[in-house]
Amino acid sequence: MGKVAVGTAAVCAGAVCAAAALVVRHRVKNSGKWARAMAILKEFEEKCGTPIGKLRQVADAMAVEMHAGLASEGGSKLKMLISFVDNLPTGDEKGLFYALDLGGTNFRVLRVQLGGKDGRVLKQEFEEVSIPPHLMIGSSEALFDFIAQALAKFVAKEGEGFCLAPGRQRELGFTFSFPVRQISISSGALIKWTKGFSIEDTVGEDVVGELTKAMEKLKLDMRVTALVNDTIGTLAGGRFHDSDVIAAVILGTGTNAAYVERANAIPKWHGLLPKSGEMVINMEWGNFRSSHLPLTVYDQELDTDSLNPGEQIFEKLISGMYLGEIVRKVLIKMAEEAALFGETVPPKLNIPFILRTPHMSAMHHDTSPDLKVVGSKLKDILEISNTSLKTRKIIVELCDVVATRGARLSAAAILGILKKLGRDTVGNGEKRRSVVALDGGLYEHYTKFRTTMESTLKELLGDEVAGNIVIEHSNDGSGIGAALLAASHSQYLEVDEP
């Protein structure tokens with residue numbers, strides 16, 4: 001009897017030891033996985049590093065590329081496009097002006113009554129119109145006929161508070177956010193469609209000419225006086241409210257910048273110098289690249305997989321379209337090599353662009369003790385449930401690394417513009433205020449991105465210079481800005497001059 005009991009005890013002890021060994025092995029395996037996940041994060045963080053010295057190199061490279069792009073066509077990855085906008089709004093503009101903002105699957109029509117210095121914007125109205133999908137791949141005539149009809153209907157509703165001076169034609173600012181080779185302030189040939197449009201017979205044509213033909217068919221007496229993109233509209237809207245605005249930056253799904261250059265500092269400009277002595281340059285800075293940019297294997301993979309490999313490298317590091325995708329690519333590596341979400345990679349995690357920047361922003365801003373927003377986003381978007389607090393914390397850290405790099409690089413690029421304009425220093429104790437107008441969903445809604453960008457710019461400039469540089473939110477530049485540019489380039493300007 002005693003022998004059996006001893007045997008049973010020995011078996012039990014053996015089972016306990018085996019179970020304990022299994023627990024230890026599991027813990028070791030788990031801590032090994034955890035260590036691997038942390039190693040992936042730390043390595044990524046190091047590669048994304050943006051110490052001040054590196055940011056200064058990026059700013060210097062931006063200024064050098066700006067010079068090269070102004071010197072000759074194709075002289076730089078920065079296109080430095082001459083916009084033909086040589087008069088920005090002053091606030092003195094008066095009268096009724098229209099805008100048409102076409103930048104995607106919807107377009108907006110807007111009218112604004114300007115009252116000069118005293119009245120500013122007296123009244124404005126707008127309508128949004130969806131473009132039927134078949135028109136995005138049909139003919140040029142069908143698309144522009146549809147747009148002109150919507151515009152004519154909108155004009156027909158012009159009511160009280162809007163007043164066109166007698167004997168005058170209505171004037172329109174046209175924001176057209178597709179690649180265009182600008183020929184004059186009011187004409188430009190479409191280089192290629194993007195954003196789901198594919199209408200072969202518009203490519204190479206003057207988009208203002210196409211719209212004008214469609215308006216003439218309807219006997220709509222309206223003239224396009226300014227063809228612009230959204231960045232230049234933002235600059236115009238900013239300048240209307242503040243005469244110290246020198247540049248505009250869009251940080252949204254995509255990114256771009258425009259600024260006011262001295263006309264005689266543009267070697268590739270061969271026309272007569274404008275009376276104002278100024279010219280707005282559309283930088284197309286999303287295409288900037290430099291050996292100083294902190295690129296990682298994930299960025300290279302994102303670029304290779306993209307629709308435009310080798311192009312828009314800077315945009316792929318800082319804009320809203322791509323930040324969430326970079327986070328997703330790092331999470332896949334953690335899922336594969338560190339089993340961050342269990343033994344298999346969650347299937348949804350393999351879907352490109354499933355993790356959008358607004359989701360990333362929501363997780364990054366989660367301040368709840370158990371990071372429940374992170375948990376619910378993982379569950380709702382990626383169908384990953386029961387994540388540990390440790391896992392959630394690593395994801396918040398990852399979001400922080402990606403957003404911080406993008407925000408700090410944005411600040412360095414703004415410094416590049418200030419350098420080119422000689423506004424990055426204080427000379428003879430002068431107090432010269434320089435305002436940069438900013439717009440775009442990333443800037444407006446991703447608070448940590450915005451605050452990091454603004455604090456980095458201050459750090460780069462130093463306290464004394466930073467006191468002269470102001471970042472201002474310029475909302476809805478692409479709409480009201482286009483109407484203001486129609487006003488500042490009106491055919492009646494000479495008539496109205498005292």
For n ≥ 4 DSSP H runs only, could you compute -39500 (n - 2.57) per run for the chain, divide by its residues and tell me the 222 nm figure to the nearest 500?
-15000 deg cm²/dmol
Give a residue-ordered list of calculated ³J(HN,Hα) values for the range 435-447 (Karplus: 6.51 cos²θ - 1.76 cosθ + 1.60, θ = phi - 60°; whole Hz; x for Gly, Pro).
10, 10, 7, 10, 8, x, x, 4, 5, 6, 9, 9, 4
What do you get for trypsin sites (Lys or Arg not before Pro) in the range 97-181 restricted to DSSP loop and a cutoff of at most 10 other Cβ within 10 Å of the site's Cβ?
Lys157
Among DSSP beta bridges lying fully in the chain, give the percent that are antiparallel, nearest 5.
60
Normalised by the number of residues in the chain, what is the relative contact order in percent for Cα pairs under 8 Å and 6+ residues apart?
22
What's the angle, to the nearest 10 degrees (0 to 90), between helix 140-156's Cα axis and the longest principal axis of the chain?
70
Which whole-number percent is the relative contact order of the range 222-262 (Cα, under 8 Å, 6+ apart)?
33
Cα-based convex hull, the range 301-416, per residue volume (Å³, whole number)
102
Gyration tensor verdict on the range 153-258 (Cα atoms; rounded if a/c is under 1.5, prolate if a/b is larger than b/c, oblate otherwise):
oblate
Counting only DSSP beta bridges with both partners in the range 123-248, the antiparallel fraction in percent, to the nearest 5, comes to 45
Can you tell me the accessible area per residue over the range 164-224, all protein chains present, probe 1.4 angstrom, in square angstrom?
48
Looks like the range 293-354, by Cα gyration tensor root eigenvalues a ≥ b ≥ c and the a/c under 1.5 rounded cutoff (else prolate when a/b is bigger than b/c, oblate otherwise), is prolate
Taking only protein heavy atoms into account and a 1.4 Å probe, give the accessible area per residue of the range 389-491 in Å².
36
How tilted is helix 207-217 with respect to the longest principal axis of the chain? Cα atoms for both, answer in degrees (0 to 90, nearest 10).
60
Past 21 Å, Cα to Cα, is the threshold; run Lys33/Lys393; Lys192/Lys219; Lys213/Lys268; Lys192/Lys419; Lys192/Lys217 against it and keep the listed order.
Lys192/Lys219; Lys213/Lys268; Lys192/Lys419; Lys192/Lys217
Determine the share of the chain's accessible area contributed by carbon and sulfur atoms, expressed in whole percent, with a 1.4 angstrom probe.
55
To the nearest 10 degrees, the tilt of helix 52-71 (Cα long axis) against the first principal axis of the alpha carbons of the chain is 30
I'd like the Karplus ³J(HN,Hα) series for the range 163-171: coefficients 6.51, -1.76, 1.60, θ = phi - 60°, whole numbers in Hz, and an x wherever there's a Gly or Pro.
9, 8, 4, x, x, 10, 8, 5, 10
Check cross-link reach from Lys195 to the lysines: straight Cα distance under 21 Å, and skip same-chain residues fewer than eight apart.
Lys79, Lys316
Do any trypsin sites (Lys or Arg not before Pro) in the range 229-275 lie in a loop, going by DSSP, with at most 16 other beta-carbon atoms within 10 Å of their beta carbon, and if so which?
Lys268, Lys275
So how much accessible area does Ser276 have, in Å² to the nearest 10, using a 1.4 Å probe?
50
Counting sequence-distant residues (5 or more places) and residues on other chains, those with an amide H built under 5 Å from that of Thr255 are none
Sequence-distant aspartates and glutamates (8 or more away, or on other chains) whose Cα lies within less than 19 Å of Lys47:
Asp299, Glu301, Asp303, Glu315, Glu325, Glu337, Glu397, Asp400
Which order do peptides 302-313, 452-463 fall in by mean Cβ count within 10 Å, highest first?
452-463, 302-313
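The values are calculated or read from the model by the stated rules, or taken from the named source; none is laboratory data. Values in this document were obtained by computation on a predicted structure and should not be read as measured data. All Cβ positions, even for glycine, are placed from backbone atoms using ideal geometry, and neighbour counts span all protein chains on display. Surface accessibility is based on the protein's heavy atoms, side chains included, excluding ligands, DNA and RNA. Shrake-Rupley method; radii C 1.70, N 1.55, O 1.52, S 1.80 Å.
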